[in-house]
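J.: One structure follows; several queries about it will come next.
The values are calculated or read from the model by the stated rules, or taken from the named source; none is laboratory data. What you see is a predicted model; the values in this text were computed from it and never measured. Quick reminder, even Gly has a Cβ in these numbers, built from the backbone with ideal geometry, and neighbours come from all protein chains shown. These area figures cover heavy atoms from the full protein model, side chains too; ligands, DNA and RNA do not enter into them. Shrake-Rupley method; radii C 1.70, N 1.55, O 1.52, S 1.80 Å.
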Amino acid sequence: MTAEAALSTPPADRQDAMPTPMPEVPLLQVRGLTRRYGARIGCADVGFDLWPGEVMGIVGESGSGKSTLLSCLAGHLTPDAGEVLWRGPDGTIRDVLAMAEPERRLLGRTDWAFVHQNPRDGLRMGVSAGGNVGERLMAVGARHYGRIRSTATDWLGRVEIDAARIDDAPRSFSGGMQQRLQIARNLVTHPRLVLMDEPTGGLDVSVQARLLDLLRGLVREMGLSAIVVTHDLAVVRLLAHRLMVMKDGRVVEAGLTDQVLDDPQHAYTQLLVSSVLQV
């Protein structure tokens, strides 16, 4: 199967892969996404489909284009070409790149969420833990203080943060706790798509394992769709249903995660899997 075909075909052979029956239209369709930095290619002609409840992993070495791709999808960078087609709750399909800026900001507060590698980039460090979670609720119209605080307390519990820390500022938290708080802040509004940039980067191995277990449980429980960029193959093996491998801004291999990692076809993927290449 070609990389293009693999990226347009929903996974079917993992027990936790996808709910059935499969919708006829993907949740997200990326077509021909390209971003250049002068003469250098950030990402080139990238295309894939993402289905409801599916997690897509994107791996590659530093400079492969995976972070550029995610930044283009999130609206942090403007691509030079391509489409990002999003299926709204009412079934309407819109090109996110053609949306007015207020529409895109609203999408980023409601149906989409972005988990940064450094939680300090996704949190307000001078605002309490409960306030960080509550702010996103207020951004979508919540105004009742008691209900906001109750929801924030519930979400702190769901990400394994003691409710007694609700009034503490994130700066007093460990790195792992800050990342879990950022996850709570993003998921409290029940987005349909979560973009994750190296969600376990910079954390100790034991903390990574705990965070991955938490993420995997929340993805299953909430039926989230997610795109996870990482250099860690263990992360995508645990979280992702399908996998894209990028090199020099292009997708060189794609398919079901276990198939790609257990039987890599492209020479570059073989290097990644064998850990010969430093990523």
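J.: Return yes or no: is Arg242 buried (at least 23 other Cβ atoms within 10 Å of the Cβ), closer than 28 Å to Ile41 by Cα and of a type in the set (D, E, K, R)? Spell out the reasoning first.
T.: Working: buried (at least 23 other Cβ atoms within 10 Å of the Cβ): yes; closer than 28 Å to Ile41 by Cα: yes; of a type in the set (D, E, K, R): yes.
Considered against the rule, which asks whether it is buried (at least 23 other Cβ atoms within 10 Å of the Cβ), closer than 28 Å to Ile41 by Cα and of a type in the set (D, E, K, R), Arg242 comes out as yes.
J.: A further question on this structure: Hey, among the residues in segment 249-267 that are assigned to a helix (DSSP H, G or I) and either touching a Gly at 6+ places or on another chain (Cβ under 8 Å) or closer than 22 Å to Leu214 by Cα (or both), which one's most open to solvent (accessible area, probe 1.4 Å)? Even if it seems obvious, please write down each step before you answer.
T.: Taking segment 249-267 first, the residues assigned to a helix (DSSP H, G or I) are 257-262, 267.
Add one more test, that the residue is either touching a Gly at 6+ places or on another chain (Cβ under 8 Å) or closer than 22 Å to Leu214 by Cα (or both), and what stays is 257-258.
Numbers: Thr257: 0, Asp258: 62 Å².
Only one residue fits best here, namely Asp258.
J.: If you scan segment 44-89, which residues turn out to be more than 12 Å from Thr34 (Cβ to Cβ) and among the hydroxyl-bearing types (Ser, Thr, Tyr)?
T.: Ser62, Ser64, Ser67, Ser71 - these are the residues of segment 44-89 that are more than 12 Å from Thr34 (Cβ to Cβ) and among the hydroxyl-bearing types (Ser, Thr, Tyr).
J.: Consider only pairs whose beta carbons are under 8 Å apart and that are at least six residues apart or on different chains; among these, list those whose first residue lies in segment 44-56 and is touching a residue at least 40 places away in the same chain (Cβ under 8 Å) and at positive phi and whose second residue is of a type in the set (S, T, N, Q) and open to solvent by less than 10 Å² (accessible area, probe 1.4 Å).
T.: Here the result reads Gly53/Ser225, each pair linking segment 44-56 to a residue that is of a type in the set (S, T, N, Q) and open to solvent by less than 10 Å² (accessible area, probe 1.4 Å).
J.: Quick one: would you say Arg165 is open to solvent by 30 Å² or more (accessible area, probe 1.4 Å), basic (Lys, Arg), more than 18 Å from the chain's Cα centre (by Cα) and over 30 Å from Thr78 (Cα atoms)? Explain how you work it out, then say what you get.
T.: Working: open to solvent by 30 Å² or more (accessible area, probe 1.4 Å): yes; basic (Lys, Arg): yes; more than 18 Å from the chain's Cα centre (by Cα): yes; over 30 Å from Thr78 (Cα atoms): yes.
Yes: the conditions hold for Arg165.
J.: Still on this structure, I have one more. Which of the residues spanning segment 213-245 are touching a Lys or Arg at 6+ places or on another chain (Cβ under 7 Å) and farther than 14 Å from Trp51 by Cβ? Working first, answer last.
T.: Start the filter on segment 213-245 by keeping residues that are touching a Lys or Arg at 6+ places or on another chain (Cβ under 7 Å), which leaves 214, 225, 229, 238-239, 241.
Leu214, Val229, Leu238, Leu239, listed by residue number.
J.: In segment 107-131, which residues are open to solvent by 40 Å² or more (accessible area, probe 1.4 Å) and under 17 Å from Gly175 (Cα atoms)?
T.: His116, Gln117, Asn118, Arg120, Asp121, Arg124, Gly126
J.: Quick check: anything in segment 201-219 under 16 Å from the mean Cα position of the chain (by Cα) and under 30 Å from Arg40 (Cβ atoms)?
T.: The answer is yes; a qualifying residue exists.
J.: Moving to a separate point now. Quick one: would you say Arg165 is closer than 27 Å to Leu28 by Cβ, charged (D, E, K, R) and at pLDDT 95 or above?
T.: Criteria not met by Arg165.
J.: Now, a different point. Return a yes/no flag: does segment 183-200 have any residue that is open to solvent by 40 Å² or more (accessible area, probe 1.4 Å) and over 16 Å from the mean Cα position of the chain (by Cα).
T.: Filtering segment 183-200 for residues open to solvent by 40 Å² or more (accessible area, probe 1.4 Å) gives 185, 190, 192.
Still in the running and over 16 Å from the mean Cα position of the chain (by Cα): none.
No, the conditions are met nowhere in segment 183-200.
J.: Let me ask another. Which residue is least open to solvent (accessible area, probe 1.4 Å), if the candidates are limited to segment 168-177 and must be in a helix (DSSP H, G or I) and more than 14 Å from Leu214 (Cα to Cα)? Please lay out each step first, then the result.
T.: So the first thing to find is which residues in segment 168-177 are in a helix (DSSP H, G or I), and the list is 170-172, 175-177.
Retained after the next criterion (residues that are more than 14 Å from Leu214 (Cα to Cα)): 170-172, 175.
Values: Pro170: 0, Arg171: 151, Ser172: 70, Gly175: 37 Å².
Taking the candidates together, the pick is Pro170.
J.: Continuing with the same structure: Tell me, yes or no, whether segment 149-156 has at least one residue that is under 18 Å from Arg109 (Cβ atoms), free of Cβ contacts under 8 Å to residues at least 40 places away in the same chain, of a type outside the set (Val, Ile, Thr) and outside any helix (DSSP H, G or I).
T.: From segment 149-156, those under 18 Å from Arg109 (Cβ atoms) are 151-152, 155; that's our starting set.
Restricting the remaining residues to those that are free of Cβ contacts under 8 Å to residues at least 40 places away in the same chain gives 151-152, 155.
Next, only the ones that are of a type outside the set (Val, Ile, Thr) stay: 152, 155.
In the following step, the residues that additionally are outside any helix (DSSP H, G or I) were identified as none.
No, the conditions are met nowhere in segment 149-156.
J.: Filtering segment 132-146 down to residues that are out of contact with any Lys or Arg (no Cβ under 8 Å at 6 or more places or on another chain) and in a loop (DSSP other than H, G, I, E, B), which residue is most open to solvent (accessible area, probe 1.4 Å)? Steps first, please.
T.: Start the filter on segment 132-146 by keeping residues that are out of contact with any Lys or Arg (no Cβ under 8 Å at 6 or more places or on another chain), which leaves 137-138, 141-146.
Adding the requirement that they be in a loop (DSSP other than H, G, I, E, B) leaves 141-144.
On the way: Gly141: 47, Ala142: 31, Arg143: 165, His144: 93 Å².
Per the criteria, the residue is Arg143.
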